[in-house]
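Colleague: What follows is a structure written as structure tokens; I'll ask about it next.
The values are calculated or read from the model by the stated rules, or taken from the named source; none is laboratory data. Keep in mind that this is a model prediction, so the values were computed, not measured.
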Amino acid sequence: MITKSAGIILLLTILLSPAMAQVPTVATGTPLQLMTPDAFAKSGLSKLTPDELSYLGSWLNAYEKFAAQRPAGGGAAAVVETRIDGEFNGWEGETVYKMMNGQIWQQSSYHYHYHYAYSPEVLIYPSGGRYKIHVKDDNDQDVSVIRLK
């Protein structure tokens, strides 16, 4: 004899099995996890292999990081004029600097250069799908950066 609670669990398992089969198996931490099973199926993503879904999820994550650096409204990338908050000691490979406007930027391409300045003016501008920073009164090359905050 089946108890009432066991019967309910069995009935729910039978009824939900088809819906659960549609739930996508995607890598955790990807935007694909936000899709409902219905949206996932209607978009055609159910035709992709797990490896293809994983690659798509990784690509979407990378795009989200890039898009976060663009201004709201999808317009052209903005040029930022500000100052480094405190001492500037050049570039060491993954150098991080906080700006006076509250933004935080990190060096994203390797380059070593020493130059000391206190709270120098900087210009952060789009260049080839990424951003570069120019430190005023430093004659060294501009360095690729990504915005952390």
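Colleague: Do we have Gly29 as on the phi > 0 side of the Ramachandran plot, at pLDDT below 65 and within 23 Å of the chain's Cα centre (by Cα) here?
Modeller: Yes: the conditions hold for Gly29.
Colleague: Hey, another quick one. Could you pull out the residue among Trp59, Trp91, Trp105 that is modelled with pLDDT of 65 or more, of a type outside the set (Val, Ile, Thr) and farther than 21 Å from Asn139 by Cα?
Modeller: On inspection, the qualifying residue turns out to be Trp59.
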